[in-house]
Amino acid sequence: MLTGQMVLDYRTLHEKLRPDMNYDIIERPLFIGGREAFFYCVNGFVSDENIQKIIQFFLGVKGSEMPKEAEVFAESYAAYGDVVLKQDISSLITAVLSGLGILVVDGYDSGLVFDIRNYPGRGVQEPEKDKVLRGARDGFCENVVTNTALIRRRIRDPRLRTEMFQVGDISHTDVAVVYMEGIVRKELLMKIKHRLKQMKVDALTMSQESLAECLYRQKWFNPFPKFKFSERPDTAAAHILEGGLAVLVDNSPSAMILPASIFDMAEAADDYYFPPLTGTYLRFSRILISLIALLLLPLYVLLMQNPQWIPECMQFIKPAEEINVPIVIQVLILELAVDGLRLASVNTPNMLSTPLSIIAALVLSDFSVESGWFNSEVMLYTAFVTVANYTQTSYELSYAIKFFRILLLLLTAFFNAWGFAAGLIIPVWAAASNRTIGGMSYLYPLIPFRWKELKNRLLRPRIRHRIEE
């Protein structure tokens, strides 16, 4: 038991951390320079080698060499590189539970906090979602320290800032805001930092999604995403260099990129890993296929309801077999079935994914057509739309397109051509009335119109460079 006038009482730390009940909380009693001391850390969060070196070094300090102040003690005898002093008990407890090691010494009013974290986690590898045909094969992991290092490896500039916040009254989740000082929009940066500091939430239970919902309370009926999520460090670094910022949440293998307009959502890393002409073609293909995915099925339903509108050269699009179930009902059933298959594929073990996918393909193709429930033309167009949804790197944007497609289908089925026209206006209105978290138009630079910016969004621009003479 400590005998001096120490503010950081051993009993308080012991009662809060309860190493006698928590097997993973390490409480190591020590004698440093004739004084009683205690070292605290979490087993599994720290490097055993660093603990051994720190303790071994302090045990060699003699009583005659012990300074009166904790600051002098840290400056003179703390050989470890990353060490800070903290006086608040709650801050020390949070530090221990975050993976840091703390040392409290009898007679000192501050504890020494050592950053010896070594979190368990997977290595840096190519993300499953944001794959590229050419380019870097590394991706974010669940360690926020590793993720910030991946960005700094690409931006070796002293203006790069990585500010750390802790969000959640219970979880104390580490949240890093990464930006370029002098390039980032100051209004956006101040707004994000203010909201992070003022955020009142128990825990970020769903990681970045929980943080996104706390940062921006968007209207639930507008499905267009306000944030762009990327598992690629090169994508995050590119947006940071363009004046945006990236928000990294510990335990999440992706970056939340702000601000994000609909043109940001449509971009992909492959656009910049190929020459400008190829990158422009890939971007136009992605935009065109997304528009087709939105309009194809509703337009087909509209034409089937008004066969007199079909020109003579397009008569082959009519179903060859008898229609037993209304086409709009077929489409809605298939939309639901596709999502069911997607959910099933996520929960299917790898060893069973191939045979089950073959069975599902057979059941939803030949057997479903032969049963009379579906027509082969409807199956074909639905299959194209399903594949087209995967051209977008943003899941949120692909689901927004899906929701508007279903709304357009229902309006067309009930109100015919007028419903189709209204269904076209609604997504345009939803995008035009939307705002990014920075307050700009979601359709910028289309609204307000900026031709130079819009050209760079539609066409893959060449890399700007300077020639020094």
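The values are calculated or read from the model by the stated rules, or taken from the named source; none is laboratory data. Here the structure is a predicted model, which means the values were calculated and not measured. So basically every Cβ, Gly included, is an ideal-geometry build from the backbone, and we count neighbours across all protein chains shown. SASA here: full protein model, heavy atoms, side chains in, ligands and nucleic acids out. Shrake-Rupley method; radii C 1.70, N 1.55, O 1.52, S 1.80 Å.
I'd like to check one number: the per residue accessible area of region 44-125, probe 1.4 Å, reported in Å² as a whole number.
51 Å²
Putting +1 on Lys and Arg Cβ atoms and -1 on Asp and Glu Cβ atoms, find which of 419, 383, 41 reaches farthest to the positive end of the dipole of the chain.
419
For residue 387 and residue 308, compute 0.36 nm times the residue count separating them, minus their Cα-Cα distance, and round to one decimal in nm.
Contour length minus the Cα-Cα distance gives 25.4 nm.
So, R0 is 25 Å and r is the distance between the beta-carbons of residue 213 and residue 186; what FRET efficiency does that work out to, to 0.05?
0.50
³J(HN,Hα) across region 329-337 via Karplus (A = 6.51, B = -1.76, C = 1.60, θ = phi - 60°), whole Hz, x for Gly/Pro?
The phi angles translate into 5, 4, 5, 5, 5, 5, 4, 5, 5 Hz.
Match the structure shown to one of the listed values (1) 15; (2) 20; (3) 37 of percent of Cα pairs over 41 Å apart, computed from it, and give that label.
Of the listed options (1) 15; (2) 20; (3) 37, (3) comes from this structure.
Quick one: accessible area per residue over region 137-253, 1.4 Å probe, rounded to a whole number of Å²?
Result: 49 Å² per residue.
Rounded to the nearest 0.05, what FRET efficiency do residue 421 and residue 137 give with R0 = 35 Å and r taken as the Cβ-Cβ distance? Could you check?
0.15
Rank-order 200-212, 384-396 by packing density, defined as the average count of other C-beta atoms within 10 Å over each peptide's residues, highest first.
384-396, 200-212
Place a point 7 Å from the Cα of residue 28 along the Cα-to-Cβ direction; which residues of region 44-63 have their backbone N under 18 Å from it?
44-62
Under the rule of -39500 (n - 2.57) per DSSP H run of 4 or more residues, summed and divided by the residues of the chain, what mean residue ellipticity at 222 nm is obtained, to the nearest 500 deg cm²/dmol?
One gets -14000 deg cm²/dmol as the mean residue ellipticity at 222 nm.
Output the peptides 55-62, 306-313 sorted from most to least packed, where packing is the average of other Cβ atoms within 10 Å over each peptide's residues.
55-62, 306-313
Using θ = phi - 60° and the Karplus curve 6.51 cos²θ - 1.76 cosθ + 1.60, what whole-Hz ³J(HN,Hα) does each residue of region 74-79 get, with Gly and Pro shown as x?
5, 5, 8, 10, 7, 6
Any lysines with Cα under 23 Å of the residue 62 Cα? List them, leaving off those in the same chain fewer than 8 positions away.
Cα-Cα hits under 23 Å: 53.
Once fully extended, how much extra length lies between residue 163 and residue 202, figured as 0.36 nm per residue of separation less the alpha-carbon to alpha-carbon distance?
11.9 nm
Provide the descending list of Cα extents for region 243-335 along its principal axes, expressed in whole angstroms.
55, 36, 19
Sorting check: for 280-291, 167-178, which peptide has the highest mean count of neighbouring beta carbons within 10 Å, and how do the rest follow?
With the highest mean Cβ count within 10 Å placed first, the list reads 167-178, 280-291.
Rounded to the nearest 0.05, what FRET efficiency do residue 156 and residue 380 give with R0 = 56 Å and r taken as the Cβ-Cβ distance? Could you check?
That pair, residue 156 with residue 380, gives E of 0.65.
Whole number in Å², please: accessible area per residue of region 285-326, 1.4 Å probe, ligands, DNA and RNA not counted.
Roughly 59 Å² per residue, with all protein chains present.
Can you give me the % of accessible surface on the chain that is carbon or sulfur? Probe 1.4 Å, all protein chains present, nothing else counted.
Summing carbon and sulfur atoms, their accessible area is 60 percent of the total for the chain.
Quick one: dipole size for the chain, taken about the Cα centre, charges +1 on Lys/Arg Cβ and -1 on Asp/Glu Cβ, in debye to the nearest 20.
Dipole of the chain, to the nearest 20 debye: 1600 debye.
Can you give the charge dipole size of region 63-222 about its Cα centre, rounded to the nearest 20 debye, using +1 on the beta carbon of Lys and Arg and -1 on the beta carbon of Asp and Glu?
That gives a dipole near 1180 debye.
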